[in-house]
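Here's the structure, in structure tokens; my notes come after.
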Amino acid sequence: MASADALQLLRSSISAAKQPVLTRSADITTALDQQTSNFEDATHLYFTHPTAQCLPLDQKTRFVSTNPDIVPVDLRSIFFAWLQKDVAVPEYIARAAELNKLLPEGQKVRNLIFVERLDLLTWLEGASDESEYIKAVEGVDASALGDAASRAADVAGGAAVPTVGGAGVGVTQLIGGRPIKTIDARLQAIYNGERRLGNHNTALRGIKPTDFSGVRKHAETFLGRRKGMPAAGGRPGQAAKTSQLAARPAAGMTKQPSSAVSSKRSDPIILLSPSASSLLRMSNIKTFLDTGLYVPPDHPTLSTQTTANLLHITRTLHSLSEKPFRFILVDSPDQFKPDYWSRVVAVFTTGQSWQFRSYKWREPQELFGHVLGIYVGEKGPPIPAEVKGWGSSVKTYAVERWDERAHGANVEPDTRTGRRWRDRETVEEVWRAIEAHMRGRGEWKR
């Protein structure tokens, strides 16, 4: 099985809810009998989907890591990263270091950095069909393609296709006393002869996304003024000259071919405040934005007890696309790439400016000139003066004060939700503001 694509096998197994298991045996007949949960004892990974097979944990995959050098990552490190998908980055690093103490030299788990791990998990879950860290499957030569083309007609017509048991149907074999259903060879041969089709979005895929934000800012200098009106301090007739300049292409800009623009839609990012005084944190933000119910972030039973610093929320914004958007929620930009800032659409704040020290735009007025600001407080106390001074780009909302006797864990869930019906109204206003901001930026339009 050295030629098996371990990454694709793992992704298919996860999609079919048939996750492989660790084993000490390379033989599929004894793999389950020698199943183990410890990486230090395991030597192979036993797959049951689509067929039973064992792959060595040392096998190199198509996933290439750049930390600290460019090398293919082995199956052991890939499967370990998948099992730790729900833990925070510091805990993942600590577990990897603890495991490496038990593994012999040459079998150490490779520690993937934040962006590599996020890209891998997104691809394995099926949320993305491409990854910059996964090499494409090596193609075949021209002669092999010619042979495949010549066999296509035979496959479609049923010729040159082996049959199973003389009947061309699937049979059941007994392996280790357990029945294992095999795939019909004729049907599998037809599947192998199929060609995967795509649409115009997949066909017009370029090397990397092209950022036109600089062009938009440059055009605003000319197109943002009213037609026929000169700039402040300008001379009459200057507006006409400006319109002529705007009609010309900017210096140094050439027409980009359509294949250079990526059709892959980037997931928008929402930043939360890491302040302990914030009403919305990683423990309750998903309940608030997803179900429209506010619970205290430190509630012992109703909030989510998690140390994760990354969450996903799916939301359909009908004015932008009928396809749901997948929002990424984080409370710190420490692991951001430079181009991630162009995907930030909203920042939740409590009015404390120290939150922005590690941001690309550290001054609040500059920050909220690029992204939408959201302040959520309790009804009653006044809005902080700092928030009011940051301008209209910071939207303010208020939720009802939490009452444990009326909304707590001892209250029936339906009654609790009914008593906080205003939360859903507030959440809808928040989403409408985010949708309007994304529509105004023009990057996520239909």
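The values are calculated or read from the model by the stated rules, or taken from the named source; none is laboratory data. Just so it is clear, the structure is predicted and the values come from calculations on it, not from any experiment. Don't worry about glycine lacking a Cβ; one is built from the backbone with ideal geometry, like all the others, and counts go over all protein chains shown. For the accessible areas, the whole protein counts, side chains as well, though only heavy atoms, and no ligand, DNA or RNA atoms are used. Shrake-Rupley method; radii C 1.70, N 1.55, O 1.52, S 1.80 Å.
Using 1/(1 + (r/R0)^6) with R0 = 22 angstrom and r between the beta carbons of Thr51 and Glu194, what's the FRET efficiency to the nearest 0.05?
Working from the Cβ atoms, E equals 0.75.
If you count the DSSP beta bridges with both ends in the stretch 269-440, what percent of them are antiparallel, to the nearest 5?
30 percent
Can you tell me the accessible area per residue over the stretch 293-411, all protein chains present, probe 1.4 angstrom, in square angstrom?
On the way: 6050 Å² over 119 residues.
Accessible area per residue, the stretch 293-411: 51 Å².
Given 0.36 nm per residue, what is the gain on full extension from Lys337 to Ser358 after removing their alpha carbon distance, in nm?
Using 0.36 nm per residue and subtracting the Cα-Cα distance, I get 6.3 nm.
Given Cβ point charges of +1 (Lys, Arg) and -1 (Asp, Glu) and nothing else, what value in debye, to the nearest 20, does the dipole of the stretch 269-440 about its Cα centre take?
Its charge dipole is roughly 240 debye.
At a 1.4 Å probe, what is the % contribution of carbon and sulfur to the accessible area of the stretch 269-440?
Looking at the stretch 269-440 in its full context, I get 48 percent from C and S.
Considering amide H positions built from the backbone, and no H for Pro or chain starts, which residues 5 or more places from Asp184, or on another chain, come under 5 Å of its amide H?
Gly170
Could you list, bin by bin from short to long, the percent of Cα-Cα pairs of the stretch 269-440 in 10 Å steps?
Per 10 Å bin, starting at 0, the Cα pair percentages come out as 9, 38, 38, 13, 1.
Can you give the FRET efficiency to the nearest 0.05 for Ala94 and Arg424, using r as the Cβ-Cβ distance and R₀ = 45 Å?
Between Ala94 and Arg424 the formula returns 0.70.
Taking a 1.4 Å probe, which of Val21, Val427 shows the most accessible area, and what order do the others take after it?
Val21, Val427
What percentage of the solvent-accessible surface of the stretch 1-145, computed with a 1.4 Å probe over protein heavy atoms, is contributed by carbon and sulfur atoms?
Roughly 52 percent of what the probe reaches on the stretch 1-145 is carbon or sulfur.
Each label point is 7 Å from the Cα along the Cα-to-Cβ direction; what then is the distance between the points at Ala136 and Ala4, in nm?
Label-label distance for Ala136 and Ala4, simple model: 2.6 nm.
List the pairs from Lys85/Lys379; Lys18/Lys60; Lys135/Lys445 whose alpha-carbon separation is above 26 Å, in the order I gave them.
Where the Cα-Cα span goes over 26 Å, the pairs concerned are Lys85/Lys379; Lys135/Lys445.
So if R0 is 22 Å, what FRET efficiency would Ser392 and Thr314 give, r being the distance between their Cβ atoms, rounded to the nearest 0.05?
Result of the calculation: an efficiency of 0.15.
What full-extension length gain, to one decimal in nm, is calculated for Ser128 and Ala26 as 0.36 nm per residue of separation minus the Cα-Cα distance?
Extra length available between Ser128 and Ala26 comes to 33.6 nm.
By how many nm would the segment from Thr304 to Ser37 lengthen if fully extended, with 0.36 nm per residue of separation less the alpha-carbon distance?
In short, 93.4 nm is gained.
From the phi angles alone, apply the Karplus equation (6.51, -1.76, 1.60; θ = phi - 60°) to the stretch 30-38 and give each ³J(HN,Hα) in whole Hz, x where the residue is Gly or Pro.
Values per residue, Gly and Pro as x: 10, 5, 5, 5, 10, 5, 9, 10, 9 Hz.
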